[in-house]
Amino acid sequence: MLLFDYKENGVSQSEFAVLFWIVNKFVDEFQQICIAVYRDSKRKREKSFLTEYGQDMWNRLDLLIILTSFLGFIVKLLFEDDFLQGFAKIMFLVSYIMLNIRVLNMFWTSEFLGSQLVIIQKKIKITSAFMAIMIVIMMCYNVVDYALLYPNTEFTWTEIENIFRNGYWTLYGDFQEDAGML
């Protein structure tokens, strides 16, 4: 839907399918809340089931997916402004990202996929530390290199972007021709 069948003004067939799925997800979450309230009325406990439902991060993520999707559909259908149509698409993209995080959570229960996700999680921690070190080293090089190549440049956001871009592409061996390095 987001890539191939997204209409700026109007609703496509795939959007109707997504809307049907979101409504189904909403009904499922509403059913879970109703069951939690019903169980609370039957038993007296220290913590209510509804409180437990609200404290679960994945239930909150499900509700946030539903909220952002509905918000995207409402804005998409009610407003024709280009800015608001862009906002609706951003809401769909955010809900899609959260949905993928939720699907990854479901894979944790799989015997094979769960162990693979644990390995990936550990690799991400190691890679994050490595990337932090690389960013510090790269920024040190970027600033020194750019200061030597282009002295007395004016402070603008474009220049800051050029500093990042110059050093980043240098890591891959792509030197600018006008920098006198070739």
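The values are calculated or read from the model by the stated rules, or taken from the named source; none is laboratory data. Quick caveat: nothing in here was measured; it's all calculated off a predicted structure. Note: ideal-geometry Cβ built from the backbone for every residue, glycine included; neighbour counts use all protein chains shown. Just the protein is used for accessible areas: all its heavy atoms, side chains included, with ligands, DNA and RNA removed. Shrake-Rupley method; radii C 1.70, N 1.55, O 1.52, S 1.80 Å.
For Leu171, neighbours were defined as the other residues whose beta-carbon sits under 15 Å from its Cβ, and their charges (Lys and Arg +1, Asp and Glu -1) total -1. Fully extending the segment from Ile135 to Lys123 would add 2.5 nm, taking 0.36 nm per residue of separation and subtracting the current Cα-Cα distance.
Heavy-atom accessible surface of Leu104, to the nearest 10 Å², is about 80 Å², with a 1.4 Å probe and all protein chains retained. Within the stretch 60-182, the proportion of Cα pairs with more than 26 Å between them is 57 percent.
Going by accessible area, probe 1.4 Å, with all protein chains left in place, what is the ranking of Cys34, Cys140, largest first?
Numbers: Cys34 60, Cys140 85 Å².
The ranking, largest first, comes out as Cys140, Cys34.
Summarising the label geometry, the points placed 7 Å from Cα in the beta-carbon direction at Asp174 and Phe16 lie 4.5 nm from one another. Relative contact order of the stretch 26-144, taken over Cα pairs closer than 8 Å and 6 or more residues apart, is 16 percent.
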